[in-house]
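The block underneath contains the structure these notes are about, expressed in structure tokens.
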Amino acid sequence: MGVDEQVEGVAESRQVTQFSDSIVISFEISDEPLEFKYLLGELLHLTYELLKSEILIRGGISYGSLIHTDKVLFGTALVHAYMVESKAAVSPRIILPKSLFDKNNEYRKLLEYDDKSGREISNFLNKDEDDFYYIDYFDKCQKPELGIFVSDNEYIDHLKRLKVLIINGLRTNKPGLYSKYGWMKTKWNRTILKYKTIDECNILLADRRNDLAEYFSSELLIETSM
């Protein structure tokens, strides 16, 4: 899906390795201040594209020492990213370590880097109940400046596709799986409720996004099915 291609705006230091059911993407963050935001947008787009095939993903973003070549892949950054993904992500979400947002973190300046593109960090992330930040593919991905969707109707189709996937997933009798789809249900319902309000719908109407306003005002929430 293009994550391993060298294109304009992508860090020259970027390395991509795919093995088993995992993808590892790395770059020299200290030399590439724009790459971090580019990566978040790319991961959001990757999540969206895989959802078209009903493939859910989870992941962890970390920083630290790493050796990543065509033949070798090891380091503390990889270990920490794996631990974040396997122990903390749990649900279908890509999360960032809370330490990235610490006031004195040396990489915090990269989160705040202003590239004048409209791709601010806040456009990609939401803070979850456990205080981890995650790439939000429910609400945040509808922002036009991110270029995830060609039109509002494409975003509507995305939400409808998510709804079907969640409803089908909630039919499982496996508690572990049910909790993952339950997390998705909560995020999906919260997005619908947010835009159901008169104020939010009026904002969409003011922006002449009538299709979105009509969809959110008429869409029903997902009920628990276990």
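The values are calculated or read from the model by the stated rules, or taken from the named source; none is laboratory data. Because the structure is predicted, anything quoted here is derived from the model rather than measured. Positions of Cβ are backbone-derived with ideal geometry, glycine not excepted, and every protein chain shown enters the neighbour counts. Just the protein is used for accessible areas: all its heavy atoms, side chains included, with ligands, DNA and RNA removed. Shrake-Rupley method; radii C 1.70, N 1.55, O 1.52, S 1.80 Å.
Details
- In this structure, the residue pairs whose Cα-Cα separation is over 23 Å, taken from K143/K185; K143/K174; K160/K180; K37/K140, are K143/K174.
- Accessible area of S179 in the full protein assembly, 1.4 Å probe (Å², nearest 10): 70 Å²
- Largest accessible area first, the listed residues W183, W188 line up as W183, W188 when surface is computed with a 1.4 Å probe on the assembled protein chains.
- Taking a Cβ cut-off of under 14 Å around K187, the surrounding Lys, Arg, Asp and Glu residues balance to a net charge of +4, with basic ones at +1 and acidic ones at -1.
- Take K163: with every protein chain present and a 1.4 Å probe, its accessible area is about 40 Å².
- By accessible area with a 1.4 Å probe, ligands and nucleic acids excluded, highest first: order of R190, R208: R208, R190
- Most to least accessible of F149, F74 (protein chains only, probe 1.4 Å): F74, F149
- D152 exposes around 40 Å² of accessible area when a 1.4 Å probe is run over every protein chain in place.
- Summed residue charge, Cβ within 15 Å of D199's Cβ, Lys/Arg positive, Asp/Glu negative: +1
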